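Q: Once you've had a glance at the structure underneath, I'll fire off some questions.
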Amino acid sequence: MFEELNDLYQQVIMDHSKKPHNFGTLAGANCCARGQNPLCGDQMQIFLKTEDNIVRDLRWEGDGCAIFKASSSMMTDSLKGKTRGEITQLFDEFHAMITTGEIAPNNHLGKLEVLSGVNRFPARVKCALLGWRAAMSALEGDHQPVSTE
């Protein structure tokens, strides 16, 4: 069972890393932020189009390790159509999962649960969180670049 989950985890990360979803710039974005992980070299910019407190569309661009790319790709799929409150809740659930490896019952993570194994690699937790921190910064209107350090 564990080996099957590990294989799924590896496959999802490789798929999203090689062909990240929602990659590129977004014309008409009204929220954006930059992020970097100096330890690993990950860097990104995220663009969001919000309307009526809902993320209608978002895109990101950047480069870095496979965990960073996969997490950012999956994050953008998860945030579309969500309110700021729903995104904050999702961020809190993802943060708890990625740092502890534990998945809370009745969570809203869906496919993001496949990344729960990242906590077994402490140096990669920051990679998985970078896109999320940048998205939260963009929603808060913070114009300072986000850093994992």
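Q: Give region 113-123 a look and list any residue that's within 10 Å of Thr99 (Cα to Cα) and not aromatic (Phe, Trp, Tyr), or say none.
A: Scanning region 113-123 gives Ser116, Gly117, Val118, Asn119, Arg120, Pro122.
Q: So, one more: Return yes or no: is Thr99 β-branched (Val, Ile, Thr), outside any strand (DSSP E or B) and surrounded by fewer than 19 Cβ atoms within 10 Å (Cβ to Cβ)?
A: Against the criterion (β-branched (Val, Ile, Thr), outside any strand (DSSP E or B) and surrounded by fewer than 19 Cβ atoms within 10 Å (Cβ to Cβ)), Thr99 qualifies.
Q: Suppose we filter region 32-84 for residues that are surrounded by fewer than 21 Cβ atoms within 10 Å (Cβ to Cβ), touching a Lys or Arg at 6+ places or on another chain (Cβ under 8 Å) and of a type in the set (A, V, I, L, M, F, W, C); how many remain?
A: 4
Q: Does Glu86 satisfy being under 14 Å from Ala135 (Cα atoms), in a helix (DSSP H, G or I) and of a type outside the set (Ser, Thr, Tyr)?
A: yes
Q: Which pairs do you get when a residue that is within 13 Å of Trp132 (Cβ to Cβ), found in region 29-48, comes within reach of a residue that is part of a strand (DSSP E or B) and modelled with pLDDT under 95, reach meaning Cβ atoms under 8 angstrom, with the pair 6+ apart or on two chains?
A: From residues that are within 13 Å of Trp132 (Cβ to Cβ), the pairs are Ala33/Val146; Gly35/Val146; Gly35/Ser147; Asn37/Ser147.
Q: In region 124-149, which residue that is over 18 Å from Ala29 (Cβ atoms) and modelled with pLDDT under 95 is surrounded by the most Cβ atoms within 10 Å (Cβ to Cβ)?
A: Arg124
The values are calculated or read from the model by the stated rules, or taken from the named source; none is laboratory data. This structure is a prediction, so every number in the text was calculated from the model and none was measured. Because the Cβ atoms are built from the backbone with ideal geometry, glycine has one as well, and the counts that use them run over all protein chains shown.
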